[in-house]
Amino acid sequence: MPDARRQPMEAGTEQVGDCDAVIVGAGLAGLYMLHRLRGLGLTARVYEAGSGVGGTWYWNRYPGARCDIESMDYSYSFSDALQQEWRWSERYATQPEILRYINHVADRFDLRRDIQFGTRVTAAIFDAVTNRWTIQTDDGERVSAQFCIMAIGCLSTAQTPRFPGLDTFKGEWYHTGNWPHAGVDFTGQRVGVIGTGASGIQSIPIIARQATHLFVFQRTPNFTIPAWNAPLDPEHERHLKANYAEHRRKNRESRAGFVVPVSDTPALEATPDERQRAYEARWARGGFGFTSAFADLSTNEEANETAAAFVRARIRAIVRDPAIAEALSPRDHPIGTKRLPLDTDYYDTFNRDNVTLIDVRKDPIEAITPDGLRTRDAAYALDRIVFATGFDAMTGALLTIDIRGRAGCALQRKWAEGPRTYLGIAVAGFPNLFIITGPGSPSVLSNMIVSIEQHVDWIADCIASLRARDYAAIEATIEAEDGWVAHVNEVANTTLYPKANSWYMGANIPGKPRIFMPYIGGVGAYRKKCDEVAAKGYEGFTLIA
Ligand code: FAD
Ligand code: NAP
């Protein structure tokens with residue numbers, strides 16, 4: 001790294017020098033951030049805990065993992081040459097294909113030489129005298145940087161419930177979010193999958209085809225919509241590539257970062273026949289467009305129930321045993337208020353003789369035993385256990401780092417009652433710290449790569465503007481932060497989202513504050529707001545000379 005100035009070292013740490021920016025994480029966000037900063041002529045160093053690039057797509061290698069946004073949309077837009085040359089093979093690419101793509105991007109833009117793999121950032125401390133951050137890693141390195149950019153992901157801290165006895169289990173167990181690189185062959189095995197969120201829903205049909213017997217331990221049934229995945233239609237690809245710039249523009253201005261036909265008719269103004277036809281058409285198309293069939297599905301509970309009832313009827317039509325169909329039918333949350341999984345053959349899997357569904361809300365898991373799993377009422381002999389139990393989402397990865405802003409204030413303390421940000425990018429009291437897709441931004445409610453590119457571009461433009469005007473630092477004001485937090489909550493409360501015990505609400509982590517964390521105002525409106533803030537000379541921020 002250029003411009004290395006040795007500084008006094010703490011025992012056990014090695015000062016490796018200075019750079020303009022440290023980026024934490026080498027997923028889609030960190031890689032593009034590095035590319036943009038290099039383009040501005042800044043020196044940047046990326047620290048990545050994994051041994052390769054890819055983030056989500058590096059860690060989540062479970063069977064069936066694939067994207068839920070169509071690949072032609074779930075891909076970078078910043079380079080026309082890249083988007084023209086890359087060819088996706090399926091409507092929704094598999095994890096290996098997405099990881100190949102991310103590796104291709106890292107090579108094509110020569111990104112690896114500034115990335116240090118296998119290194120976890122453990123602390124980031126701000127010095128108000130120098131306006132710089134000192135970043136420390138688990139292998140004892142310290143580096144000083146003007147800017148600290150957290151590209152650590154919203155879903156990167158896997159959550160394994162602390163069932164007693166896990167350490168006594170004689171078989172192997174895995175978390176979907178930290179899957180063995182060599183893969184797992186379930187042939188001839190008795191397998192238990194705990195969790196029926198998107199990761200469980202994607203992996204269960206495939207594991208069921210391999211295993212001798214699969215036991216699915218379900219606490220809460222989830223709505224899922226068919227993906228109808230298929231090879232990418234070459235004509236569709238040709239058409240999109242010919243119109244990519246316009247297509248990407250529409251994605252950026254849309255509500256969720258991809259374009260689906262959105263009805264402006266309220267569900268309850270349609271007749272039952274019209275509703276049935278609309279839901280059938282959306283079901284036949286597959287994907288997230290299902291919940292855009294009517295205008296008020298995310299705001300009116302009665303309207304939402306018409307869509308939920310349609311899906312439950314589908315479950316009953318697919319699953320032959322009425323008791324299993326009922327157990328798979330969600331009744332505790334409005335449809336769409338948890339991220340809707342897209343599936344391939346999920347419900348049909350429960351027609352197989354080698355699959356058993358266990359309702360662990362009625363019969364709770366008590367312990368993992370040496371030979372399997374014990375619920376209150378039964379014991380299950382298992383050779384393998386898969387935890388598809390999700391993540392400490394949105395704040396988990398940030399709060400495992402000791403981040404200290406002005407006067408040594410810890411982010412963990414500041415966020416003890418829930419995350420507080422300005423625009424989801426910045427935090428009052430933490431100058432020159434940027435969070436990509438942080439809480440308070442659309443992030444997980446969107447096609448995330450659209451939100452990632454928007455944040456990266458905004459941050460890069462902000463840094464360029466500071467440098468051009470010789471400012472040493474930028475810091476969100478507490479008033480702007482308070483105002484934004486109030487706005488995020490206000491908008492969330494106009495919707496049905498807070499009614500679900502979702503990870504959006506922090507409800508999946510015992511003891512985590514219940515706050516709706518992402519911003520639901522829409523990707524297009526949010527981008528406009530961020531652009532206005534910049535155009536007004538970074539309104540809501542203090543610029544420090
Ligand atoms: P990540 O990909 O999570 O990368 C963050 C990186 O930071 C990780 O590699 C991690 O190791 C590293 N890191 C974290 N903490 C530290 C630390 N302290 N020190 C060093 N390194 C650290 N979104 C969509 O829009 N569409 C989809 O189809 C979709 N599918 C998904 C499927 C799965 C299984 C999951 C879990 C998520 C999915 N998402 C999807 C969300 C997905 O996380 C984002 O789309 C996107 O990949 C996030 O990129 P990122 O770079 O922001 O974060
Ligand atoms: P998740 O949605 O949080 O689901 C976790 C599952 O584990 C839930 O069914 C949960 O039940 C269950 N669970 C957690 N703790 C449990 C316990 N102690 N006992 C029993 N069951 C327990 O996690 P995920 O499936 O990994 O998905 C997380 C997010 O990642 C998704 O929402 C999505 O954004 C993204 N993702 C996307 C895709 C894709 O299609 N591209 C695939 C995977 C993930 P409760 O509901 O009762 O808490």
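The values are calculated or read from the model by the stated rules, or taken from the named source; none is laboratory data. The structure presented is a predicted model; accordingly, all values stated were derived computationally and were not measured. In this analysis, Cβ positions are derived from the backbone assuming ideal geometry, glycine residues included, and neighbour counts consider all displayed protein chains. Heavy atoms of the whole protein, side chains included, go into the accessibility calculation; ligands, DNA and RNA do not. Shrake-Rupley method; radii C 1.70, N 1.55, O 1.52, S 1.80 Å.
For the chain, the longest principal axis of the Cα atoms and the long axis of helix 244-253 meet at an angle of about 90 degrees. Accessible surface calculations at 1.4 Å, restricted to protein heavy atoms, place the stretch 280-357 at 41 Å² per residue. The phi torsions of the stretch 273-283, fed into the Karplus equation with coefficients 6.51, -1.76 and 1.60 and a -60° offset, translate into couplings of 5, 5, 5, 4, 5, 5, 5, 4, 5, 5, 4 Hz, rounded to whole numbers, with Gly and Pro shown as x.
What angle do you read, to the nearest 10 degrees and between 0 and 90, between the alpha-carbon axis of helix 448-468 and the longest principal axis of the chain? Taking Cα atoms only, the helix is inclined about 10 degrees. Of all beta bridges that DSSP places with both ends in the chain, some 40 percent have antiparallel geometry.
Secondary-structure-derived ellipticity at 222 nm for the chain, considering helices only, amounts to -9000 deg cm²/dmol, per-run term -39500 (n - 2.57) for DSSP H runs with n ≥ 4.
With viscosity 0.890 mPa s and temperature 25 °C, the Kirkwood radius over alpha carbon pairs of the chain converts through Stokes-Einstein to a diffusion coefficient of 100 µm²/s. Helix 301-318 and the longest principal axis of the Cα set of the chain meet at an angle near 50°. Each residue, Glu366 and Ala416, gets one label point 7 Å from its Cα in the Cβ direction; the gap between the two is 3.8 nm. Accessible area per residue for the stretch 154-236, computed on protein heavy atoms with a 1.4 Å probe, is 44 Å².
Residues whose amide H comes within less than 5 Å of that of Ser441, counting only those at least five positions distant or on another chain, are Tyr519 (H built at 1.01 Å from N in the peptide plane). The slack between Gln276 and Thr160, meaning 0.36 nm per residue of separation minus the straight C-alpha distance, is 37.8 nm. Our coupling estimate for the stretch 484-497, obtained by passing each phi through the Karplus curve with A = 6.51, B = -1.76, C = 1.60 and θ = phi - 60°, is 5, 4, 5, 5, 4, 5, 4, 5, 4, 6, 7, 10, 8, 3 Hz, Gly and Pro reported as x. Residue-wise HN-Hα couplings along the stretch 365-382, as the Karplus relation 6.51 cos²θ - 1.76 cosθ + 1.60 with θ = phi - 60° gives them from phi, are 5, 9, 6, 8, 10, x, 9, x, 9, 10, 9, 4, 9, 7, 10, 10, 7, 9 Hz; Gly and Pro carry x. Cut-off 18 Å, label point 7 angstrom out along Cα-to-Cβ of Arg120: give me the residues of the stretch 162-199 whose amide nitrogen falls inside. Once the point is set 7 Å along Cα→Cβ of Arg120, 162, 174-181 turn out to lie under 18 Å by backbone N, inside the stretch 162-199. Taking amide H positions as modeled 1.01 Å from N, with prolines and chain starts lacking one, the residues under 5 Å from Asp139 and 5 or more places away or on another chain are Arg120. The modelled label-to-label distance for the pair Glu490/Arg108, using points 7 Å beyond Cα in the direction of Cβ, is 4.2 nm. Applying 1/(1 + (r/R0)^6) with R0 = 25 Å to the Cβ-Cβ distance of Cys409 and Lys499 gives a FRET efficiency near 0.15. Under a 5 Å amide H cut-off, with hydrogens placed 1.01 Å from N, Ile152 pairs with Ile436 among residues at least 5 apart or on other chains.
Once neighbouring chains are kept in place and the probe is 1.4 Å, which whole percent of the accessible area of the chain is contributed by carbon and sulfur? Within the chain, the accessible surface is 50 percent carbon and sulfur.
Among the trypsin sites (Lys or Arg not before Pro) in the stretch 253-326, those placed in a DSSP loop whose Cβ has at most 13 other Cβ atoms within 10 Å are Arg320. A Förster distance of 56 Å, applied to the separation of the beta-carbon atoms of Glu14 and Asn243, puts the FRET efficiency at 0.65.
Extension gain for the segment Arg209 to Ile544, taken as residue separation times 0.36 nm less the Cα-Cα distance, is 114.6 nm to one decimal. Note on Ala535 and Thr477: with the Förster distance fixed at 22 Å, the Cβ-Cβ geometry gives a FRET efficiency of about 0.80. The charge dipole of the chain, taken about its Cα centre with unit charges on the Cβ of Lys, Arg, Asp and Glu (plus for the first two, minus for the last two), comes to roughly 280 debye. Protection proxy ranking of 229-239, 158-168, by the mean of other Cβ atoms within 10 Å over each peptide's residues and highest first, is 158-168, 229-239.
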